[in-house]
Amino acid sequence: MAKHMQDKEGRTIEYLRISVTDRCNLRCRYCMGAQGIPPKTHAEILSLEEIAEIAAAAVDCGVRKIRLTGGEPLVRRGIVTLCRQLKAIPGLRELTMTTNAAGLAPLAAELRAAGLDRLNISLDTLDPARYREITRLGSLADALAGLEAARAAGFARTKLNTVLLGGINDDEIPALAALTQNEPYSLRFIELMPM
């Protein structure tokens, strides 16, 4: 008999999100302060081997999809190796990642070859100055280069996540939606959560 986990409502749990780092290369205004957060030491976070061990146990209990998150997962040293280790777990059907894509361009092909199946990319604006204003540190050119590298590497069904900020980027809804006309992207607008 196959093992599986259920929540208290009796729903089968097949999806696991794993935060691989607390660090991020951006300081998005809706996510963290300008100074970032105090980083954890290496001793305070799981090693790649520990993450893989926990993931294997979860798959043994019925998890079929794992999403890697952060912080920003691409700043975690060894992320390609981790993807390869996770994709090798018997029974795992899908390995995905949520990223801001700022560091994706040089890694996209390696991540695809390592078995990463799909990406969710955070993209809140198509205006370079506004991107810099929202992210405090980021470059829209880097994010768009990451998006293009993902497409070239063969990632399909990429989801674009846009946090709508009233009076800041809500005027860009048509331009962001237009990205889905010529490419196989799906766009999701995310409500800003007051924290």
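Numbers for the structure displayed
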{"read-out": "Selected from GLY167, GLY36, GLY62 as most flexible by GNM, with the chain as the system and alpha-carbon contacts under 10 Å", "value": "GLY167"}
{"read-out": "Chain lengthening between ALA43 and ARG64 when straightened (0.36 nm per residue, less Cα-Cα)", "value": "4.7 nm"}
{"read-out": "Solitary cysteines of the chain, where the nearest other Cys Cβ is not under 4.7 Å", "value": "CYS24, CYS61, CYS83"}
{"read-out": "Interchain or long-range residues, amide H under 5 Å from VAL163's placed H", "value": "LEU123, ILE190"}
{"read-out": "Positive-pole candidate from ALA105, LEU92, GLY146, dipole of the chain, charges at beta carbon", "value": "LEU92"}
{"read-out": "Å² per residue, accessible surface of the chain at 1.4 Å", "value": "54"}
{"read-out": "Long-range amide H partners of ARG23 with built H, under 5 Å", "value": "GLU72"}
{"read-out": "Candidates ALA43, ALA57, ALA145: whichever shows maximal mean-square fluctuation once the chain is modelled as a Gaussian network with Cα springs under 10 Å", "value": "ALA43"}
{"read-out": "Residue-by-residue Karplus 3J(HN,Hα) for the stretch 107-122, coefficients 6.51, -1.76, 1.60, Hz, glycine and proline x", "value": "10, 4, 5, 5, 5, 5, 5, 6, x, 5, 8, 8, 10, 10, 10, 7"}
{"read-out": "Förster radius 25 Å - calculated FRET efficiency between ALA129 and ASN161 (Cβ-Cβ, nearest 0.05)", "value": "0.75"}
{"read-out": "For the stretch 22-71: rounded, prolate or oblate by the Cα gyration tensor [a/c cutoff 1.5]", "value": "oblate"}
{"read-out": "Net length gained if the chain between TYR15 and GLU94 were fully extended (0.36 nm per residue, minus Cα distance)", "value": "27.5 nm"}
{"read-out": "Total formal charge among the other residues, if their Cβ is under 12 angstrom from that of CYS24, Lys/Arg +1 and Asp/Glu -1", "value": "+2"}
{"read-out": "Per-peptide average of other Cβ atoms within 10 Å, ordering 23-30, 120-127, 178-185 highest first", "value": "120-127, 23-30, 178-185"}
{"read-out": "Rough spin-label spacing in nm, given labels placed 7 Å along Cα→Cβ, for GLN35 and HIS4", "value": "4.8"}
{"read-out": "Debye, to nearest 20: dipole size of the chain, +1 on Lys, Arg Cβ, -1 on Asp, Glu Cβ", "value": "340"}
{"read-out": "Neighbour net charge for LEU46 - beta-carbon separation under 12 angstrom, K R +1, D E -1", "value": "-3"}
{"read-out": "Summed side-chain charge close to ALA175 - residues other than ALA175 whose Cβ falls under 13 Å, Lys, Arg +1, Asp, Glu -1", "value": "-4"}
{"read-out": "For semi-axes √(5λ) of the Cα gyration tensor in Å, calculated from these coordinates, the label among (1) 35, 18, 14; (2) 25, 20, 15; (3) 29, 19, 18", "value": "(3)"}
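The values are calculated or read from the model by the stated rules, or taken from the named source; none is laboratory data. These figures come from a predicted structure and were not determined experimentally. Every residue, glycine among them, receives a Cβ derived from its backbone with ideal geometry; neighbour counts consider all protein chains shown. Surface areas here come from the heavy atoms of the whole protein model, side chains and all, with no ligands, DNA or RNA. Shrake-Rupley method; radii C 1.70, N 1.55, O 1.52, S 1.80 Å.
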